[in-house]
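Heads up, the thing below is written out as structure tokens.
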Amino acid sequence: MKKVLILGATSAIAQATVRLLAARGAALYLVGRNAANLDAVAKDAATRGASKVEQQSLDLDDTAAHESLVERAAQALGGLDSALIAHGVLGEQKACERSWTEAEKVLRTNFLSAASLLTVLGNRFEAQKSGTLVVISSVAGDRGRQSNYVYGASKGALTVFLQGLRNRLASSGVAVVTVKPGFVDTPMTAHVAKNKLFATPEQVARGILRAADGRKNEVYVPGFWAIIMLIVRTIPEGIFKRMKL
């Protein structure tokens with residue numbers, strides 16, 4: 001990852017990843033919605049050793065702007081060899097149950113905007129016959145649960161989209177890496193009581209880079225979530241629907 005487009009660069013996980021990439025001397029094109037926060041991330045990356053840092057403030061729900069965004073990033077960095085899609089919202093399950101408008105916001109940000117970006121980036125990387133696409137999904141997408149099924153559906157759809165894209169682009173030398181974190185201690189989960197299952201953004205960032213460097217297919221971060229979710233997925237539906245999860 002030497003010429004990297006970071007989408008959702010002001011999220012806690014993305015910021016931790018940016019710090020690691022900057023220390024490697026990578027060239028970075030940072031995209032986020034909040035201009036002030038984005039500027040702080042960019043300045044920090046420059047001080048940490050990034051060879052080049054460019055930035056663009058954009059609401060990534062604006063799918064009509066994705067083509068020009070990717071083209072602008074490629075021109076600014078002299079090409080792209082990788083991209084990290086790290087933007088997303090948790091949403092509030094009860095609000096989503098009451099209002100389709102609220103549910104649609106979660107689905108649009110977490111799935112539709114990501115799918116649009118992946119379409120544009122996938123086509124570019126396929127044409128150049130190289131590249132690494134790294135996308136933050138979630139363990140929540142492995143099975144629908146009453147406590148967060150709208151968020152889970154958005155991430156489950158994203159995971160399936162990535163599976164198909166990986167299958168399509170494998171013959172072109174493009175890696176499609178799905179990263180599935182469990183609970184992460186970020187501002188997005190500030191309202192959730194913490195326990196030993198929570199990881200730090202720094203732990204997840206290290207996992208992201210290991211997966212990208214190894215051109216992995218799907219990884220759980222931390223790794224113990226693979227075992228947890230295997231158990232969750234194998235619970236019979238007749239039992240599962242009676243559980244309060």
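Table for the structure above
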item	result
Candidate set: the stretch 13-36, residues that are in a strand (DSSP E or B) and small (Gly, Ala, Ser); chosen: the one nearest to residue 68 (Cα to Cα)	32
Which listed residue is within 26 Å of residue 138 (Cα to Cα) and hydrophobic (A, V, I, L, M, F, W, C), from 27, 22, 76	22
Among (1) hydrophobic (A, V, I, L, M, F, W, C); (2) over 26 Å from residue 199 (Cβ atoms); (3) in a helix (DSSP H, G or I); (4) in contact (Cβ under 8 Å) with a residue 12 or more places away in the chain - the single one residue 53 does not satisfy	(3)
Search result, residues across the stretch 79-129 that are open to solvent by 50 Å² or more (accessible area, probe 1.4 Å), over 16 Å from residue 69 (Cα atoms) and in contact with a strand residue (DSSP E or B) (Cβ under 8 Å, 6 or more places away or on another chain)	126, 129
Residue list for the stretch 136-152, restricted to those being more than 20 Å from residue 8 (Cα to Cα), open to solvent by 20 Å² or more (accessible area, probe 1.4 Å), not in a loop (DSSP other than H, G, I, E, B) and not charged (D, E, K, R)	149
Residue list for the stretch 56-72, filter: outside any loop (DSSP other than H, G, I, E, B), without any contact (Cβ under 8 Å) to a residue 60 or more places away in the chain and of a type outside the set (Ser, Thr, Tyr)	56, 64, 65, 66, 67, 69, 71, 72
Residues that are open to solvent by 70 Å² or more (accessible area, probe 1.4 Å) and closer than 25 Å to residue 143 by Cβ, drawn from the stretch 167-189	167, 183, 185, 188
Qualifying residue in the stretch 225-243 (condition: at negative phi and in contact with a strand residue (DSSP E or B) (Cβ under 6 Å, 6 or more places away or on another chain))	yes
Some residue of the stretch 5-20 being among the basic types (Lys, Arg), open to solvent by 20 Å² or more (accessible area, probe 1.4 Å) and without any contact (Cβ under 8 Å) to a residue 60 or more places away in the chain	no
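The values are calculated or read from the model by the stated rules, or taken from the named source; none is laboratory data. Remember, it's a predicted structure, so these values are computed and weren't measured experimentally. Cβ: placed from backbone, ideal geometry, glycine included. Neighbour counts: every protein chain shown. For the accessible areas, the whole protein counts, side chains as well, though only heavy atoms, and no ligand, DNA or RNA atoms are used. Shrake-Rupley method; radii C 1.70, N 1.55, O 1.52, S 1.80 Å.
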